[in-house]
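One structure below.
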Amino acid sequence: MNYVIISAFLAFVIAQGSKFVLLWCKEDRWDVKQLVGSGGMPSSHSATVTALAVAVGLQDGFLGSPFAIALVFACVVMYDATGVRLHAGRQAEVLNQIVCELPAEHPLAESRPLRELLGHTPFQVAAGALLGVVTATVIHLIFGSSG
């Protein structure tokens, strides 16, 4: 059993599942796309990479190279989620609005809308990171470091 992979995968599943449930609680509707889509609360990217880093640290120690690599990887992913991907989503929102206002005869008037929910706010990333820490810690407590 690979405790590190289980922690990362479980954090991802919990984050994506919670988006599905939160949407139902908020809007009283189910949207299966929430189970696989990016963006939203909490960040499944952050949950996954944080669980990965914490699990590596708990299993192999927080002073070694494997944890350092996992931590840097997690930081890059979370920075990208709140930077490039968040702003790309905001640009898509503006572009979709512009396309909606084009006259019907314009060649782009019938183009498919761009995906707007790509990145995360810092709060969504922090919530995902906290979920990752908790998930890896709980899995470590359940299975120990024998994985």
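The values are calculated or read from the model by the stated rules, or taken from the named source; none is laboratory data. These numbers come from a predicted model, not from an experiment. Please note: Cβ atoms are built from the backbone with ideal geometry, for glycine as well, and neighbour counts cover all protein chains shown.
Annotations for the structure displayed:
- Checking the stretch 36-50 against the condition returns a match, with at least one residue being at positive phi, assigned by TED's automatic domain parsing to the domain that holds F12 and at pLDDT below 75.
- First in the stretch 79-92 and farther than 18 Å from P113 by Cβ and modelled with pLDDT under 75, second anywhere and hydroxyl-bearing (S, T, Y) and buried (at least 19 other Cβ atoms within 10 Å of the Cβ), Cβ under 6 Å, 6 or more apart: none
To keep it simple, each residue is scored yes or no on (1) assigned to a loop (DSSP other than H, G, I, E, B); (2) among the β-branched types (V, I, T); (3) under 30 Å from T137 (Cα atoms).
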position	(1), (2), (3)
F62	yes, no, yes
I69	no, yes, yes
V72	no, yes, yes
C75	no, no, yes
G89	no, no, no
I98	no, yes, no
P103	yes, no, no
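- Long-range neighbours under 7 Å by Cβ, at least six apart or interchain, first residue surrounded by fewer than 18 Cβ atoms within 10 Å (Cβ to Cβ) within the stretch 1-13, second in a helix (DSSP H, G or I): M1/F143
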